[in-house]
Amino acid sequence: MFDPVLHTTHLTIGYNGEKNPEPVLKDLNLSVYPKDLIAMLGPNGCGKSTLLRTLSGLQKPLSGCIRINGEDIRKKSVKEKAKIISLVLTEPVRAGGVTVVDLVSMGRYPYVGWPGTLTQNDKDKIAEAVYRMGLEGYENRFVSELSDGERQRVMIAKALVQDTPVILLDEPTAHLDLNNRVEIISLLRSISVNMSKSIILSTHELELALNLTDRIWLINKDLGLFDKTPGEITTDNLLNKVFPSRLFRFNQKGKMEFG
């Protein structure tokens, strides 16, 4: 059995209010292994983005510990964190006159500084990321000229170039059409398997998550976080507990039924 790449111990996340801490999720003991593709699902406001920001080191936990490859991320500098964990946020890409290859190359910043001279190894990693994300032939196009799906692939390529064991993505399929949503999740599946990356993404794409991911972190602010396989999610009837509704319910295959 592999050791976990990322491990949390009694992790509580949330915000430091003016008078008292405001926890969102408490006492999380999570383990992420090599080649894991994990989807975070839950209602808006349940803590998905807060958890991603905390795991990445952008936001301090209220208590507990986060370790990557056995090392406490609190003891890492910003540059050191950028070598072990990469984060793709959901905000729209505003890159102006930057080309695809220029933006992807920025992922090598932790290794070469800014501005820095790219070595042949850096260039090889950039070329591999461009290939993995199906961006060959796009290298010299301006990012502002690309479709939303193409821009998202560029941002994931930039994360790949960081060469981190863990990649976090906040709603990578937001604002994309069906074809692009399926393509992005399928590419992430391929990356996790073929490049031994541990990938965690927040999403509202229930069907894609049930079909393409290894595990699901199903989150509800009142019930906490369930770490389950897709099969366990449906057979344990957890979807109806996390997404209670008088208008619909989920059957044993995870399909929504109305009435």
Average accessible surface area per residue within the stretch 103-197, 1.4 Å rolling probe, Å²: 46 Å²
Sort 100-106, 132-138, 221-227 by the packing proxy (mean of other Cβ within 10 Å over each peptide's residues), most packed first. 100-106, 132-138, 221-227
Using helices alone, what [θ] at 222 nm do you get for the chain, with -39,500 (n - 2.57) per DSSP H run of 4 or more residues, divided over all residues and rounded to the nearest 500? -9000 deg cm²/dmol
How high is the relative contact order of the stretch 220-259, given as a whole-number percent (alpha carbon pairs under 8 Å, six or more residues apart)? 31 percent
Please report the relative contact order for the chain, taking Cα pairs under 8 Å with a sequence separation of at least 6, and give it as a percent rounded to a whole number. 24 percent
Ordering of 245-251, 80-86, 229-235, 167-173 by burial proxy (mean other Cβ atoms within 10 Å per residue, highest first): 167-173, 80-86, 229-235, 245-251
Given 10 °C and 1.306 mPa s, how large is the Stokes-Einstein diffusion coefficient of the stretch 1-130 in µm²/s, with Rh as the Kirkwood radius over Cα pairs? 93 µm²/s
Rg and Dmax in Å for the stretch 1-54, alpha carbons only: what are they? 13.2, 44
Which pairs in the list K197/K221; K48/K158; K75/K241; K35/K221; K26/K79 are over 30 Å apart, alpha-carbon to alpha-carbon? K75/K241
Residue-span extension gain [N29 to V193] - 0.36 nm each, minus C-alpha spacing: 56.6 nm
Express the relative contact order of the stretch 122-219 as a whole percentage, based on alpha carbon pairs under 8 Å and six or more residues apart in sequence. 26 percent
With every protein chain in place, the accessible area of R74 for a 1.4 Å probe, in Å² rounded to the nearest 10, comes to 150 Å²
Most to least accessible of Y111, Y131 (protein chains only, probe 1.4 Å): Y131, Y111
For the chain, longest principal axis from Cα atoms; helix 178-194 axis from its Cα atoms; angle between them, nearest 10 degrees, is 80 degrees
If the convex hull of the alpha-carbon atoms of the chain is projected onto planes in all directions, what is the mean projected area in square nanometres? 15.6 nm²
May I ask you to give the solvent-accessible area per residue for the stretch 34-89, in square angstrom, as obtained with a 1.4 angstrom probe? 45 Å²
Quantify, in whole percent, the carbon and sulfur part of the accessible surface of the chain (1.4 Å probe; protein heavy atoms only). 50 percent
Anchor K83: aspartates and glutamates whose Cα lies under 16 Å away (excluding residues fewer than 8 positions away in-chain): E71, D72, D122, D163
The answer for the net charge of residues other than D122 whose Cβ lies under 10 angstrom from its Cβ, with Lys and Arg +1 and Asp and Glu -1, is +1
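The values are calculated or read from the model by the stated rules, or taken from the named source; none is laboratory data. Keep in mind that what you see is a predicted model, and the values were worked out from it rather than measured. Neighbour counts are summed over all protein chains in view; Cβ atoms, including those assigned to glycine, are modelled from backbone coordinates with ideal geometry. Just so you know, the surface numbers come from the protein's heavy atoms only, side chains and all, with ligands and any DNA or RNA stripped out. Shrake-Rupley method; radii C 1.70, N 1.55, O 1.52, S 1.80 Å.
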